[in-house]
Amino acid sequence: MPNPVIVITGASRGIGLAVTRSLLKEHNAHVVTISRTRTPELSQLIQEHEQSLLTLECDITDEPAVKTISTSIFSRSLPAIRASLPDLRESKGRIIFISSGAATGNIYGWGAYNASKAAMNSLSRTLASEEPSIVSLALAPGRVDTAMQAVLRDAGAQHMKATDHKNFVDAYNEGTLVNPYDVGYVIAALSLRAPLSLTGQFVKWDNEECREFRRK
Ligand SMILES: NC(=O)c1ccc[n+]([C@@H]2O[C@H](COP(=O)([O-])OP(=O)(O)OC[C@H]3O[C@@H](n4cnc5c(N)ncnc54)[C@H](OP(=O)(O)O)[C@@H]3O)[C@@H](O)[C@H]2O)c1
């Protein structure tokens, strides 16, 4: 049986790149990615996985562009969530939302981010109730060592409480940030194997419910 096709948004770097890499190298999956740029790391994966990786360069917020590019390749519209529901129902597929502890937190100065992640969790829960054959779950990846953390350290001081900013700087200096390839493996495994019992849940990547999806 051919491996399922997984669509990843934001695959040029960070967590999305790590998930893509894990799916291709550790799970032997077929992957379609969407991102605005093609980084050297993504280009390398394209070279190594010609048969199993398809990359689309496009801004995910530009709906007409996503429609045009995906229709030309798949003869149908991908992957705005609504458009992919018929396929997901048929395949009993999975949607993994990359959420954050911010979804239930209240970090000063982060109103838009906190609210957008809370809304994401709500969308995930609602999809779980509306689509009983699809697994829809939201995952908090912890503080991951990506460009996003570098931006917080470098430019966050002006917008955050000094104690909050110091927490981010200390986590980096003390080496306690999560390795993107560890959390990437868990997200990749969940996208292939998450059971219906997890649908609607908000899970933290290193909690008990994700134990069986970690790299052994
Ligand atoms: N890092 C953390 O500590 C952390 C913690 C909790 C939650 N998260 C969540 O994890 C997710 C990934 O974060 P990250 O740390 O991996 O961030 P990152 O290193 O900044 O990477 C973000 C990715 O998203 C892509 N992207 C951004 N806007 C896009 C758009 N409009 N269209 C298409 N692609 C777009 C970027 O690619 P291009 O620029 O090439 O388009 C890039 O590949 C985010 O949702 C973040 O909120 C991260």
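Some points to look at:
- Here K67 is the anchor, and no lysines lie within straight C-alpha reach of less than 16 Å, apart from those fewer than 8 places off in the same chain.
- Per-residue 3J(HN,Hα) values for the stretch 31-46, derived from phi via the Karplus relation 6.51 cos²θ - 1.76 cosθ + 1.60 with θ = phi - 60°, read 10, 10, 10, 10, 7, 6, 10, 10, 7, x, 5, 5, 4, 4, 5, 4 Hz in sequence order (x marks Gly and Pro).
- Size of electric dipole in the stretch 1-79: Cβ of Lys, Arg +1 and of Asp, Glu -1, about Cα centre, debye, nearest 20: 60
- Candidates T68, T163, T39: whichever shows maximal mean-square fluctuation once the chain is modelled as a Gaussian network with Cα springs under 10 Å: T163
- Taken about its Cα centre, the stretch 60-216 carries a charge dipole of about 220 debye when Lys and Arg each add +1 at the Cβ and Asp and Glu each add -1 at the Cβ.
- Distant-in-sequence amide H partners of V144 (H built 1.01 Å from N, under 5 Å): V178
- Of the residues V186, V151, A162, the one whose Cα sits farthest toward the positive end of the charge dipole of the chain, with +1 on the Cβ of Lys and Arg and -1 on the Cβ of Asp and Glu, is V186.
- Local electrostatic count at I8 - Lys and Arg +1, Asp and Glu -1, tallied over other residues with Cβ under 13 Å: +3
- Here's the list of lysines a cross-link from K25 could span, going by alpha-carbon distance under 27 Å and ignoring same-chain residues fewer than 8 apart: K92, K204, K216.
All of the numbers you see were taken from the coordinates with simple rules; none came from a lab. Remember, predicted model here, so these are calculated numbers, not experimental data. Because the Cβ atoms are built from the backbone with ideal geometry, glycine has one as well, and the counts that use them run over all protein chains shown.
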